[in-house]
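Encoded as structure tokens, the structure appears first; notes follow it.
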Amino acid sequence: MSPHPRLPQSPASPGIGVLGQSYGLLMSHSRSLPNDDVLARMVASQVGGGGALPVGLGLSPTEFTALLDRHFPAVALPPSVRRPPPVWDARLLEEKDELISLLDFHRAGRDVSERWLSVIVATGCMANDHLWQDLGLWSRRDLSELMMRNFPALAAKNDRDMKWKKFLYKQLCEQEGVYLCRAPSCAVCCDYSLCFGPEELISRN
């Protein structure tokens with residue numbers, strides 16, 4: 001049995017359109033490396049204008065080029081939907097660096113893409129929606145699988161299935177010895193649903 005359990009795959013075909021075409025194009029150039037699929041989802045979403053990440057998934061141009069060259073060599077992506085650069089509070093940027101350090105410390109150490117994902121996930125935490133949506137993933141399951149594969153020791157601490165953005169910030173608080181929640185336990189907290197409620201999108205069919 002694999003020591004790294006794989007969650008049930010979220011839908012691999014997002015349908016006809018820029019998202020599906022870009023995803024298919026990326027995967028046709030993939031090298032069957034760790035994280036090919038999850039990176040293809042995020043890049044395809046960005047090409048189609050989805051997610052909240054800045055251009056290049058929050059990586060520097062050099063890093064993003066290296067990511068594409070390693071995981072999807074010779075791919076020629078269609079132009080991304082133009083988006084203005086995000087404007088973030090300076091305090092958020094401090095937290096971003098702390099989140100990168102937290103994720104880096106817990107990397108599985110199996111693939112170079114883990115370093116890029118530390119930056120990408122931390123950048124996604126700067127936005128305002130559910131983390132999986134801000135990253136341009138297609139379901140919370142995609143994010144949970146990403147975390148278990150790349151940051152397994154950290155992901156194992158989320159044994160109550162807390163929302164990932166809430167969980168990561170809680171780890172920062174505990175690291176600093178700061179405990180902002182005054183409830184004696186999560187079960188009796190009036191904000192329980194904010195931390196543990198469902199994150200999946202409601203179907204618009």
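The values are calculated or read from the model by the stated rules, or taken from the named source; none is laboratory data. Please read these numbers as outputs of a predicted model, since none were measured by experiment. Cβ: placed from backbone, ideal geometry, glycine included. Neighbour counts: every protein chain shown.
Here are a few things to note about the model shown:
- Residue pairs whose Cβ atoms lie under 7 Å apart, sitting 6 or more positions apart in sequence or on different chains, and linking a residue in segment 18-30 that is farther than 11 Å from Met42 by Cβ and in contact (Cβ under 8 Å) with a residue 60 or more places away in the chain to a partner that is assigned to a helix (DSSP H, G or I) and among the aliphatic types (A, V, I, L, M), are Val18/Val47.
- Among the residues listed as Ala76, Ala66, Ala127, the single one being in a loop (DSSP other than H, G, I, E, B) and under 24 Å from Gln21 (Cα atoms): Ala76
For every residue, the table says whether it meets (1) among the aliphatic types (A, V, I, L, M); (2) within 20 Å of Lys157 (Cα to Cα); (3) more than 12 Å from the chain's Cα centre (by Cα).
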{"site": "Ala44", "(1), (2), (3)": "yes, no, yes"}
{"site": "Glu63", "(1), (2), (3)": "no, no, yes"}
{"site": "Ala74", "(1), (2), (3)": "yes, no, yes"}
{"site": "Phe105", "(1), (2), (3)": "no, yes, yes"}
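- Condition check for Arg41: more than 15 Å from Gly136 (Cβ to Cβ), modelled with pLDDT of 95 or more and in contact with a helix residue (DSSP H, G or I) (Cβ under 8 Å, 6 or more places away or on another chain): no
- In segment 141-157, the qualifying residues are those that are out of contact with any Ser or Thr (no Cβ under 8 Å at 6 or more places or on another chain) and closer than 22 Å to Val47 by Cβ, and the one that is surrounded by the fewest Cβ atoms within 10 Å (Cβ to Cβ) is Glu145.
- Unmet criterion (only one of (1) assigned to a helix (DSSP H, G or I); (2) modelled with pLDDT of 95 or more; (3) charged (D, E, K, R); (4) over 23 Å from Pro54 (Cβ atoms)) for Lys170: (2)
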